[in-house]
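First up is the structure itself, then whatever we jot down about it.
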Amino acid sequence: MRITCPLCGDRDSREFSIRGHETYLDRPAPDAGEAAWDDYLHLRDNPAGETAELWYHGAGCAAWLRVRRNTVTHEVLKVDLVRDVTGGDHAD
Amino acid sequence: MARLIAKSAASGLLPIRIGTVTLTEETPAAITALMPFAGKPRALSVALKAAHGVAFPGPNRSSAKGGTRVCWSGLDQAFLIGDPAQADLADHAALVDQTDAWAVLHLEGEDAAEVLARLTPISLSRDSFKRGHAARSLLGHMTALIIRTGAQGFTILIFRSMAATATHELDVAMRGVAARAALQPPP
Ligand SMILES: [Zn+2]
């Protein structure tokens, strides 16, 4: 599998590590309650098909990426910098 | 009182020459990480140009002026390699001295790309990885910053603690490429 990093370009998957589903971008409020936190931390679908995950380009630019990909075909559909998805800090 | 002796990262290991390829160590006076503050990349680039003659590089790019090189080194980060960063750059960016954190190796020669290709997953084709191009990637299991400095030359930055491993890995790759070349009769 290869991932096209928005900064580094087309790279071998060995340069990346996976965190998990993009659910991690939607952290509940501290007082959201046990059900919300249980959901956030533990409950995941296991889709056969398209999904969106967080990957870290640790052996490259050190950016967090949101990768849309197909778990059946291993096709990578779209890759974004997480900060562009969340509107996080941006030097530009 | 103890007298301290400065040793370079690859002291006693380099230079080596095998086949057409030479591996040497460079010892820049300083390596400074430049990390522009929010909204400041342009101001940093202007100040960098005035102070050191080089602009802040875009992703995967490097340029040099005199003995000082600037090289993109990751998300919102570049390394200034050579002269110590002038103090006024701190108005626009976080500056971190990394001089002793890196081993700076230089691989040069006709088969340099063949040697490096044995250790890194990136394409080193002269069409896609040209002079002035740079990449954060792997050298074996080590994270590296690889810069093409010429048609047959690459500068490779490796964590200083891995200098001996990197030198060994490159030595083995150089031997492999030279041995293979020796098996092939000249055309
Ligand atoms: Zn990257």
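Observations on the structure shown:
- Cα-Cα separations in the stretch B:35-187 greater than 19 Å, expressed as whole percent: 56 percent
- For chain A: rounded, prolate or oblate by the Cα gyration tensor [a/c cutoff 1.5]: oblate
- Split the accessible area of chain B by element, probe 1.4 Å, and carbon with sulfur accounts for 54%.
- Contact order normalised by residue count of the stretch A:2-86, Cα under 8 Å, 6+ apart, percent: 30 percent
- For chain A, the per residue solvent-accessible surface stands at 59 Å², with DNA, RNA and ligands left out and a 1.4 Å probe.
- Shape of the protein assembly as shown, Cα gyration tensor, a/c cut at 1.5: oblate
- For A:GLU15, solvent-accessible area (1.4 Å; no DNA, RNA or ligand), Å²: 0 Å²
- Orphan Cys of the protein assembly as shown, criterion: no other Cys C-beta under 4.7 Å: A:CYS61, B:CYS71
- Furthest towards positive pole of dipole, B:GLY19, B:THR149, B:LEU4, structure part chain B, Cβ charges: B:THR149
- Computed about its Cα centre, the charge dipole of the stretch B:16-183 is approximately 460 debye, with only Lys, Arg, Asp and Glu carrying charge at their Cβ.
- Of the residues in the stretch A:44-92, those shielded by at least 40 Å² of accessible area once partner protein chains are present, compared with the chain alone at a 1.4 Å probe, are A:ALA59, A:CYS61, A:ARG83, A:ALA91, A:ASP92.
- For the set B:SER73, B:SER45, B:SER128, solvent exposure ranked by accessible area (probe 1.4 Å, protein chains only) runs largest to smallest as B:SER128, B:SER45, B:SER73.
- With a 1.4 angstrom probe, the accessible area lost at the B-A interface totals about 1300 Å².
- Of the whole protein surface, B:VAL104 contributes about 10 Å² of accessible area at a 1.4 Å probe radius.
- Accessible surface of the stretch A:2-86, 1.4 Å probe, proportion on carbon and sulfur as whole %: 47 percent
- Within straight-line reach of B:LYS49, meaning a Cα separation under 16 Å, sit the following lysines at least 8 residues removed in sequence or on another chain: B:LYS40, B:LYS65.
- Label-reachable residues, the stretch B:11-35, where backbone N falls under 20 Å from a point 7 Å from B:VAL96's Cα toward its Cβ: B:28-35
- Across A:VAL76, B:VAL54, the residue with the most accessible area heads the list, and the full order at a 1.4 Å probe is A:VAL76, B:VAL54.
- Extended-chain gain in nm, criterion 0.36 nm per residue less alpha-carbon gap, A:ASP38 and A:HIS21: 4.7 nm
- Spin-label model, A:ASP10/B:ASP88: points 7 Å from Cα along the beta carbon direction are separated by 4.4 nm.
- Residues along the stretch B:40-80 losing 30 Å² or more of accessible surface when the other protein chains are present rather than the chain by itself (probe 1.4 Å): B:PRO41, B:ASN60, B:TRP72, B:LEU75, B:ASP76
- The protein assembly as shown - charge dipole about Cα centre, Lys and Arg +1 at Cβ, Asp and Glu -1, debye rounded to 20: 1020 debye
- Once C-alpha pairs closer than 8 Å and six or more residues apart are averaged by separation and normalised to the residue number of the stretch B:16-183, the relative contact order reads 25 percent.
- Take B:ILE5: with every protein chain present and a 1.4 Å probe, its accessible area is about 140 Å².
- Relative to the longest principal axis of the Cα atoms of chain B, the long axis of helix B:163-183 lies at roughly 40 degrees.
The values are calculated or read from the model by the stated rules, or taken from the named source; none is laboratory data. Small disclaimer: the values here were computed from a predicted structure and weren't measured. Here Cβ is always computed from backbone atoms with ideal geometry, including for glycine, and neighbour counts include all displayed protein chains. All accessible areas refer to the heavy atoms of the entire protein, side chains included, with ligands and DNA or RNA removed. Shrake-Rupley method; radii C 1.70, N 1.55, O 1.52, S 1.80 Å.
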